[in-house]
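See structure below.
FYI, it's all coordinate maths here, none of it is from the lab. Just so you know, these numbers come straight off a predicted model, no measurement behind them. Glycine also receives a Cβ, built like all others from the backbone with ideal geometry; neighbour counts cover every protein chain displayed.
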Amino acid sequence: MEFTFYKYQGTGNDFVIIDNRDLFFPKEDTALVAKICDRRFGVGADGLLLLENNPSADFTMVYYNSDGNLSTMCGNGGRCIVHFAKFLGIISKNTNFEAVDGLHEASVEGDWVSLKMNNINTITTAENYIYLNTGSPHHVQLVSDLETFNVFGQGKEIRNNIYGKNGSNVNFVEQENPDTFSVRTYERGVEDETLSCGTGVTAVAIAMFETGKTSSNDITLITPGGNLQVSFEKTAKGYKNVYLEGPATQVFKGIWK
Ligand SMILES: N[C@@H](CCC[C@H](N)C(=O)O)C(=O)O
């Protein structure tokens, strides 16, 4: 089976993106998705995205983790697919598209993409961590010396032991200044640390505000793959107008054989 694919990255969270508007891609073929994402036997990526037609929005985003399974919302993938939709000429500056967690508004200017995330109304605060769902589930935990922290070992243990079969993504955080936090994330479905996680940094920004670590509602998140910006408004029930912003880049185009 031969088809064209595009490779994207958003702050180092990397994706294979396929234009599936004519529905040629075998969507149930978990082994194929996993092979495409394999860094030795395939293209190599943290996930795979399909862009499809949608009757009431500009397009649909279908997201698979690198293990080949369909998953929940991907923030960096969402930013990358908006850039791809502009590249294909489907959208110009502003768009709305459908993902697994509903409709998202977004805008793109050059390589900078701003993505509106869903409102957040439920946040669980435990003794040494915060848990919330920003389209995907996220555990957020402050640590000291993030640079040397064992993200893989601790992330894997927390993902499996606290959250059971469905698991969770796990974010480790260190505060840099009043409105800036460094973040490293262990991603469910990749089962490894990735260079950045969009829904993860969104969860961190909200969690840090909710627990009083910051009074800013416009927060810089430093990830190993680059910086992201998250802004939001606090409401009586939770958080609205949550925006994830940052760079998204097309890296190359290829043919899968
Ligand atoms: N990298 C993503 C998160 C993707 C979803 C996650 N792996 C899961 O299955 O929960 C992002 O940028 O949000």
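Compute the helix-to-body angle for 151-161: its Cα long axis versus the longest principal axis of the chain, expressed 0 to 90° and rounded to tens.
Computed tilt is about 90 degrees.
Pairs K116/K237; K213/K240; K35/K257: which are spaced more than 21 Å apart, C-alpha to C-alpha?
none
Is the stretch 27-69 best put as rounded, prolate or oblate by its Cα gyration tensor, with a ≥ b ≥ c the root eigenvalues, rounded for a/c under 1.5, and otherwise prolate when a/b is larger than b/c, oblate when not?
Note, shape of the stretch 27-69 comes out prolate.
Ranked by Cβ crowding within 10 angstrom, fewest neighbours first, how are R79, R184, R40, R21 ordered?
Sorted ascending by nearby Cβ count, the order is R40, R21, R184, R79.
Translational diffusion coefficient, Stokes-Einstein: compute it for the stretch 28-152 using the Kirkwood radius over C-alpha pairs as Rh, at 4 °C and 1.567 mPa s, and state it as an integer in µm² s⁻¹.
79
Report D for the chain in µm² per second (integer): Stokes-Einstein, Kirkwood Rh on Cα pairs, 10 °C, 1.306 mPa s.
It comes out at roughly 87 µm²/s.
Students often forget the sequence filter, so: which aspartates and glutamates lie under 12 Å Cα-Cα from K156 once same-chain residues fewer than 8 apart are removed?
Those aspartates and glutamates meeting the cut-off are E187, E191, D192, E193.
Taking the Cα atoms of the stretch 170-209, what is the range of coordinates along each of the three principal axes, in descending order and whole Å?
32, 15, 12
Hey, what number do you get for the chain at 222 nm if only DSSP H runs of n ≥ 4 count, each worth -39500 (n - 2.57), divided across all residues, to the nearest 500?
-5500 deg cm²/dmol
From the backbone phi of the stretch 179-193, what are the Karplus-calculated ³J(HN,Hα) couplings (6.51 cos²θ - 1.76 cosθ + 1.60, θ = phi - 60°) in whole Hz, Gly and Pro given as x?
10, 9, 10, 8, 9, 10, 10, 9, 9, 4, x, 9, 6, 6, 6
I'd like the projected area of the stretch 123-246, averaged over all directions, using the convex hull of its alpha carbons. Report it in nm² with one decimal.
The number I arrive at for the stretch 123-246 is 7.0 nm².
Using a cut-off of 11 Å between beta-carbons, work out the net charge of the residues near K240 (Lys and Arg +1, Asp and Glu -1, K240 not included).
Every neighbour counted, the sum reads +2.
Give me the net charge for the shell around W256: Cβ to Cβ below 13 angstrom, other residues only, Lys and Arg +1, Asp and Glu -1.
The answer is 0.
If you plug each phi of the stretch 215-230 into the Karplus form 6.51 cos²θ - 1.76 cosθ + 1.60 with θ = phi - 60°, what whole-Hz ³J(HN,Hα) values come out, in order, with x for Gly and Pro?
10, 8, 10, 9, 10, 9, 10, 9, 10, x, x, x, 9, 10, 10, 10
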